[in-house]
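Chemist: Quick one: structure below, then a few questions.
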Amino acid sequence: PICFLPLPFGTENRIYQSCCGKFLCRGCFYAVEAERRKSRPNIPAHCPFCRTTAYTSNEEFLERCKKRMEANDVEAFITLAWHHHDGGMGLPQDFKKSMGLWLRAAELGSINAHYDLGRIYYDGNGVEKDMKK
């Protein structure tokens, strides 16, 4: 059961599905997972959109994101940019790599990537603070 309501603002309230590039609100994600655990506990978790089996390791998640990047999925670029920036999903913290990924997402037309780049320069978080950029 997916509600199809507009997604909430803020990335903390939604989950990126690296298999198909869709976002799902956390409530729907947890509802689908709770139903699966209750009625079919022996069946592995899957994506509510494309039915692909859920990733089981950081490496698998990253590989799926890279595949989505080959299809120019801006959200995959942004997701990996944040993981490189914060050192998430087992990746080493790499500000230069994250900036390159955000720039590519911005080139593809992502307003979110433009915002993220602006915040990074405004805060000086991993780069020299630059109010003009």
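The values are calculated or read from the model by the stated rules, or taken from the named source; none is laboratory data. Fair warning: this is a prediction, and the values are worked out from it, not measured in the lab. Positions of Cβ are backbone-derived with ideal geometry, glycine not excepted, and every protein chain shown enters the neighbour counts. What goes into the accessible areas is simple: the full protein's heavy atoms, side chains included, and nothing from ligands, DNA or RNA. Shrake-Rupley method; radii C 1.70, N 1.55, O 1.52, S 1.80 Å.
Chemist: Examine the stretch 75-84 for a residue that is of a type outside the set (A, V, I, L, M) and either more than 23 Å from Cys20 (Cα to Cα) or in a loop (DSSP other than H, G, I, E, B) (or both), and state whether such a residue exists. Even if it seems obvious, please write down each step before you answer.
Modeler: Restricting attention to the stretch 75-84, the residues satisfying the condition of being of a type outside the set (A, V, I, L, M) are 75, 77, 79, 82-84.
Subset that is either more than 23 Å from Cys20 (Cα to Cα) or in a loop (DSSP other than H, G, I, E, B) (or both): none.
Within the stretch 75-84, not a single residue is of a type outside the set (A, V, I, L, M) and either more than 23 Å from Cys20 (Cα to Cα) or in a loop (DSSP other than H, G, I, E, B) (or both).
Chemist: Could you please let me know if Ile43 is aliphatic (A, V, I, L, M) and surrounded by 14 or more Cβ atoms within 10 Å (Cβ to Cβ)?
Modeler: No: the conditions fail for Ile43.
Chemist: Another question, then. Looking only at the stretch 29-64, how many residues end up being part of a helix (DSSP H, G or I) and not polar (S, T, N, Q)?
Modeler: Let us first name the residues in the stretch 29-64 that are part of a helix (DSSP H, G or I), namely 29-39, 58-64.
After this cut, where a residue has to be not polar (S, T, N, Q) as well, the list is 29-38, 59-64.
Counting residues in the stretch 29-64 that are part of a helix (DSSP H, G or I) and not polar (S, T, N, Q) gives 16.
Chemist: Then there's this: Sort through Tyr16, Tyr55 and tell me the only one that's open to solvent by 90 Å² or more (accessible area, probe 1.4 Å) and either out of contact with any Gly (no Cβ under 7 Å at 6 or more places or on another chain) or more than 24 Å from Leu103 (Cβ to Cβ) (or both).
Modeler: Being open to solvent by 90 Å² or more (accessible area, probe 1.4 Å) and either out of contact with any Gly (no Cβ under 7 Å at 6 or more places or on another chain) or more than 24 Å from Leu103 (Cβ to Cβ) (or both) holds for just one of Tyr16, Tyr55, which is Tyr55.
Let's see how each residue does on (1) free of Cβ contacts under 8 Å to residues at least 24 places away in the same chain; (2) of a type in the set (Phe, Trp, Tyr); (3) within 24 Å of Asn125 (Cβ to Cβ):
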site	(1), (2), (3)
Asn13	yes, no, yes
Tyr16	no, yes, yes
Tyr30	yes, yes, no
Pro44	yes, no, no
Phe61	no, yes, yes
Cys65	no, no, yes
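Chemist: Further question: Return the residue satisfying two criteria in turn: it lies in the stretch 104-133 and is basic (Lys, Arg) and assigned to a helix (DSSP H, G or I), and of such residues it is nearest to the chain's Cα centre (by Cα).
Modeler: So, considering only residues that are basic (Lys, Arg) and assigned to a helix (DSSP H, G or I), the one nearest to the chain's Cα centre (by Cα) is Arg104.
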